[in-house]
1. Within region 261-282, which residues are farther than 17 Å from residue 183 by Cα and buried (at least 16 other Cβ atoms within 10 Å of the Cβ)?
2. Using the structure shown, decide if residue 211 is under 24 Å from residue 47 (Cβ atoms), among the basic types (Lys, Arg) and either surrounded by 21 or more Cβ atoms within 10 Å (Cβ to Cβ) or within 11 Å of the ligand (Cβ to nearest atom) (or both).
3. Consider region 151-167. How many of its residues are more than 19 Å from residue 227 (Cβ to Cβ) and either touching a residue at least 40 places away in the same chain (Cβ under 8 Å) or in contact with a helix residue (DSSP H, G or I) (Cβ under 8 Å, 6 or more places away or on another chain) (or both)?
4. Just to verify a result, which residue in region 2-31, among those that are part of a strand (DSSP E or B) and within 16 Å of the ligand (Cβ to nearest atom), is surrounded by the fewest Cβ atoms within 10 Å (Cβ to Cβ)?
5. Out of the residues in region 98-107 that are within 27 Å of residue 14 (Cβ to Cβ) and in contact with a helix residue (DSSP H, G or I) (Cβ under 8 Å, 6 or more places away or on another chain), which is surrounded by the most Cβ atoms within 10 Å (Cβ to Cβ)?
6. I'd like the residue in region 171-181 that is under 18 Å from residue 206 (Cβ atoms) and surrounded by fewer than 23 Cβ atoms within 10 Å (Cβ to Cβ) and, out of all such residues, is farthest from the ligand (Cβ to nearest atom).
7. When the residues of region 188-208 are filtered to those that are surrounded by fewer than 19 Cβ atoms within 10 Å (Cβ to Cβ), at negative phi and more than 13 Å from the ligand (Cβ to nearest atom), which remaining residue is nearest to the chain's Cα centre (by Cα)?
Amino acid sequence: GKVIVNDQMMERSQHRIDMEDRGYQFGDGVYEVIRVYNGDLFGVEEHIDRFFESAGKIKLKILFTKESLKENLNALIKENELQLGIVYMQLTRGVSPRAHVFPDEHTTPVLTAYTKEMPIPKLQMANGVSAIVTPDIRWLRCDIKSLNLLPNILAKEEAKEQGCYEAIFHRDGIVTEGASSNIFIVAKGNMITHPESHFILNGITRQMIFKLCKENKLSLVEKPFNVDDLMNADEVFLSSTVSEVMPIVKIDNKTIGNGQPGPHTKQLQALFQKYIQKQARI
Ligand code: PLP
């Protein structure tokens, strides 16, 4: 299929990444993953806003408008005839002789984007998945969707080795988020998730869940909770662009609740499904 490089659409094989691209050498850049349902970008405004915010936080100047980026992404999914999947996009600080300091002001950032078919993980959403708990060894600006993902990669690999779907991070005993998701617990009928801060990425799915809870008068609070609260919760679920609302029914080999997706999780899954259908006009 076609890809986007800066403001051009081209065959993937037509583009080469320079070995001194700062994204390649330093992970000096930011990215976004956007779901495509029914041939439509889901939450595209929110994702593009966060993309620009992440770029701003690392002082990366964007030379195009949000509107033109959206147009280009829409053209890409149309060209590639993508119905159900994702768009991945990233922006690096460009190509320049290797040096930690920023390159000179004439260096242009490099935007790349491609599409990928991706089914909805229906079986796992119905049955729930397992997770491990692991120390959060990341830096102190996890609010930036940075290309630097080594700690996330290591945690995810550890989860996979233990047959698990996700790794749940804790910082000094406080649960922050998943390696590629936000984490929620249900305790005494209340849904709880880590407050928005530099310790987590404020997920777009997380923000949508807040909106849905408000609209439907469901109790969801931002409050730190610890690993004990997690292990003893009635329900646990994660949220992400790719996994939507995903029940977690086993953590570090301990069963959560009765080992089945709980009522709060299932209610949110249903609300989220309705929201997708409305947005994507399914
Ligand atoms: N937290 C981290 C570390 C992530 O990588 C992601 C996204 O994959 C999320 C949270 C969830 O964010 P979103 O709902 O915007 O996909």
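No value in this document is a laboratory result; all are computed from the given coordinates. These numbers come from a predicted model, not from an experiment. All Cβ positions, even for glycine, are placed from backbone atoms using ideal geometry, and neighbour counts span all protein chains on display.
1. The first filter runs over region 261-282 and keeps only residues farther than 17 Å from residue 183 by Cα, leaving 270-271, 273-282.
Of everything in region 261-282, those that are farther than 17 Å from residue 183 by Cα and buried (at least 16 other Cβ atoms within 10 Å of the Cβ) turn out to be 271, 275, 276, 279, 280.
2. Numbers: under 24 Å from residue 47 (Cβ atoms): yes; among the basic types (Lys, Arg): yes; either surrounded by 21 or more Cβ atoms within 10 Å (Cβ to Cβ) or within 11 Å of the ligand (Cβ to nearest atom) (or both): no.
Judged against the criteria, residue 211 is not a match.
3. Qualifying residue count for the region: 0.
4. Narrowing region 2-31 to residues part of a strand (DSSP E or B): 2-5, 8-11, 21, 29-31.
Remaining after also requiring within 16 Å of the ligand (Cβ to nearest atom): 29-31.
Values: 29: 26, 30: 28, 31: 18.
Only one residue tops the list, namely 31.
5. 103
6. Going through the qualifying residues, I end up with 174.
7. 195
Residues checked against (1) polar (S, T, N, Q); (2) not in a strand (DSSP E or B):
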position: 192; (1), (2): no, no
position: 202; (1), (2): yes, yes
position: 209; (1), (2): no, yes
position: 217; (1), (2): no, yes
position: 221; (1), (2): no, no
position: 229; (1), (2): no, yes
position: 236; (1), (2): no, no
position: 250; (1), (2): no, no
position: 260; (1), (2): yes, yes
